[in-house]
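The structure that follows is given in the form of structure tokens.
The values are calculated or read from the model by the stated rules, or taken from the named source; none is laboratory data. The structure presented is a predicted model; accordingly, all values stated were derived computationally and were not measured. Cβ sites come from the backbone with ideal geometry, for glycine too, and all protein chains shown count toward neighbours.
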Amino acid sequence: MLDLMGRLVDRSLVVADDGAHGELRYRLLETLRAYAVERASEAGELPALREAHANWWAGWLAERDATLHTDAVLESVEEFHDNLKTALDWATEEDPPLGMRLLERLARSWENLGRDLDAVSAIERLLTPGNADRYGHEWIAAANAASHIVATTRGDTEWIPFTETVEGTAAQLGDRYHELRASLSSDPTSQKEVLALARVRGDHYVAGRLAIERAKEVAIGDPREQLVDIEQLPTATESPVLRDLAIRSRAFVARDVGDVRHCLTLATELSGSRSTQMVQTAVGLLGVVGRLAVDVDALELASQVAARILGPMTGLAPDVSMAERRRRCVTEGLPSVVDLQLSIGFLTPGALWLACREAIDAGEAGAALTAVREQAGNSPHGRAALAAVEGATSGSEDRWHEALRLAAAHELRLIATDALEALAVSASRAESWTECLHLVAAAERLRDETGYRWRFRLERAGVDAARAAALEGLGTAADRILSSDGLEWRAAAAYAGRARGERKRPRHGWASLTPTERDVVALVAQGYTNPEVAERLLMGRATVKSHLEHVFAKVGVRSRAELAAQAAHHTDD
């Protein structure tokens, strides 16, 4: 055989090339290959040759199943891509059970090599309801393996029903392992069960992914308690899949504890992954956290990577659109839009809070409330997100205090920043100027520490007005607070709780109005304009406007006319 191959190479009938690792590879010239296929077809031998070819590659993949996702094996899958794709295409049409065995292993590899589109044809032809009935066990194994590719190429609207079909089919067959794998549940008990079953079955790929995913789920529920576990995840392993998953887990935790700069560093690294799913995550993180940091470079990178890598994937069109929209929100001042992920129901608490803030800014407070109440869950982070969204949508000081308490207890710096500023605005409404300025200064110090610079328009207006009113109310006494570095954020959270107990005035209703607010109301009721009120009360026009906004919120009116009418009934209060 060696002599024969040598003579064929000498005569240029066979080409010898170096393989990925320097080993010798032989291939036919394209013209000779076409001639051989034609002769084999004429002799009626081609079907048998195709079958032998497909079975050989199925065996090749099976031999490498335990190490299918190491760097070395993935390089080989890439090197022999044309052979493997040809084998899958033939089996898809001629031998569906063999096609499903090939798809099960190739889908896992191709999703991690960015070759999602190469599996689409086989998925469409093999993973049909009819084949689910005919080839139950082979079907659910291939379907679970191809699940992520279905998501990237078809989108969530088709992926969710697809996973439900896989779960139902597995349940009918009594296959608990594949039933749990298809389930979208984040229940810890179910996750532990499927992890144990993966280890028993020797499915090292799934076991490795699940172990890291489980650590991530626990950590994002309570970053303070599980940060150490995330830090111990593998950074150097033979599997690029596990390396990427570890980076992604760290990036999520960095986002949730408010380490904005570190999150952007990790997301930038992840954007270079070959896995479409990992790039999708990177684009999302770069877009959201890049906006929080007002980092134009990160937003540009997200938009460019999304267009280049995710653009060809039909199912990821919303991700591409959102990346570009977030970039333009910062660079061009475009208004926010609601993230479609908000309605799907698979957001982590950190992502949920940030998506809800965008929805509130886009004028969809109702959608934000519905989503957070359905998805927040009972983890500390989930409860903090719920309290913060309810505080943001209702203006409830009580809910903001609860959000701040949870944030301080569980290292949630993003929520803490927003809560400190919201409570500063509440303190301003009560004319607690010292409290207001202390909380604003503490929030600014925390922003400097985390790199969290973004405020939505209404948030910015509220904080700026509160700060201006506090400076005017305190006069030169404000210099002492401004000259300090600001309270450390946990100390500021404790201070806010104490200050809250010291204020006795009700927070809503006519009785909640401060003396200054009552003076403003009295002049407005007499028909004075804002400039005239400012002149008579010796305050700035912006301060008058801020006081009126607070009054409107406290007594539940929408116009000066309504306020004047109510004032007539409360002249003796």
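Please tell me if G258 is part of a loop (DSSP other than H, G, I, E, B), within 15 Å of the chain's Cα centre (by Cα) and of a type outside the set (K, R).
yes
If you don't mind, another one. Of these, E374, E358, which one is assigned to a helix (DSSP H, G or I) and farther than 28 Å from T163 by Cα?
Unique residue meeting the criteria: E358.
Hey, could you check the range 90-149 for residues that are acidic (D, E) and under 24 Å from A207 (Cβ atoms) and say which is nearest to the chain's Cα centre (by Cα)?
Filtering the range 90-149 for residues that are acidic (D, E) and under 24 Å from A207 (Cβ atoms), the one nearest to the chain's Cα centre (by Cα) comes out as E111.
A further question on this structure: Got a sec? Which of A282, A302, A298 is under 12 Å from the mean Cα position of the chain (by Cα), crowded, with 24+ Cβ neighbours inside 10 Å and hydrophobic (A, V, I, L, M, F, W, C)?
A282
Can you pull out every residue in the range 315-337 that is among the polar types (S, T, N, Q), surrounded by fewer than 19 Cβ atoms within 10 Å (Cβ to Cβ) and in contact (Cβ under 8 Å) with a residue 12 or more places away in the chain?
If the condition is that a residue be among the polar types (S, T, N, Q), surrounded by fewer than 19 Cβ atoms within 10 Å (Cβ to Cβ) and in contact (Cβ under 8 Å) with a residue 12 or more places away in the chain, then T331 is the only one that fits.
Show the residue pairs that are 6+ apart or on different chains and have beta-carbon atoms under 7 Å apart, the first residue being within the range 143-157 and farther than 16 Å from T281 by Cα, the second being surrounded by 19 or more Cβ atoms within 10 Å (Cβ to Cβ) and basic (K, R).
Hits for this filter: N144/R181; A145/R108.
Given the criterion in the same structural domain as T417 (by TED's automatic domain parsing) and surrounded by fewer than 18 Cβ atoms within 10 Å (Cβ to Cβ), identify the matching residue among R518, R490.
That would be R490, the only listed residue that is in the same structural domain as T417 (by TED's automatic domain parsing) and surrounded by fewer than 18 Cβ atoms within 10 Å (Cβ to Cβ).
Select the helices (runs of 4 or more DSSP H) contained entirely in the range 2-120, then report the ones holding at least 1 residues which are surrounded by 14 or more Cβ atoms within 10 Å (Cβ to Cβ) and in contact (Cβ under 8 Å) with a residue 40 or more places away in the chain.
Per the criteria, 46-63, 71-79, 81-94, 96-112.
Where residues in the range 389-407 are over 18 Å from G363 (Cβ atoms), among the hydrophobic types (A, V, I, L, M, F, W, C) and free of Cβ contacts under 8 Å to residues at least 60 places away in the same chain, which of them is surrounded by the fewest Cβ atoms within 10 Å (Cβ to Cβ)?
Filtering first and then ranking leaves L406.
Working only within the range 539-573, note down all residues that are of a type in the set (A, V, I, L, M) and within 14 Å of A468 (Cα to Cα).
Answer for the range 539-573, where residues must be of a type in the set (A, V, I, L, M) and within 14 Å of A468 (Cα to Cα): M539, A542, V544.
Hey, A466 hits all of (1) surrounded by fewer than 20 Cβ atoms within 10 Å (Cβ to Cβ); (2) under 19 Å from A392 (Cβ atoms) but one; which does it fall short on?
Answer for A466: the failing condition is (1).
Now for a different question. Within the range 59-110, can you find the residues that are of a type in the set (S, T, Y) and under 22 Å from M278 (Cβ atoms)?
T67, T70, S76, S109
Right, next: Residues to consider are T163, T157; find the one that is surrounded by 18 or more Cβ atoms within 10 Å (Cβ to Cβ), closer than 29 Å to D319 by Cβ and hydroxyl-bearing (S, T, Y).
Step by step, each of T163, T157 is checked, and only T163 is surrounded by 18 or more Cβ atoms within 10 Å (Cβ to Cβ), closer than 29 Å to D319 by Cβ and hydroxyl-bearing (S, T, Y).
State which residue is nearest to R248 (Cα to Cα) when the search covers only the range 196-206 and only residues that are surrounded by fewer than 18 Cβ atoms within 10 Å (Cβ to Cβ) and in contact with a helix residue (DSSP H, G or I) (Cβ under 6 Å, 6 or more places away or on another chain).
Checked the range 196-206; the qualifying residue nearest to R248 (Cα to Cα) is H204.
Considering R460, R467, R480, which residue is in a helix (DSSP H, G or I) and farther than 23 Å from G333 by Cβ?
Going through R460, R467, R480 in turn, the sole match is R480.
Here's a follow-up. Take G311 and decide whether it is of a type outside the set (F, W, Y) and within 16 Å of the chain's Cα centre (by Cα).
Details: of a type outside the set (F, W, Y): yes; within 16 Å of the chain's Cα centre (by Cα): no.
Spelling it out, it is not the case that G311 is of a type outside the set (F, W, Y) and within 16 Å of the chain's Cα centre (by Cα).
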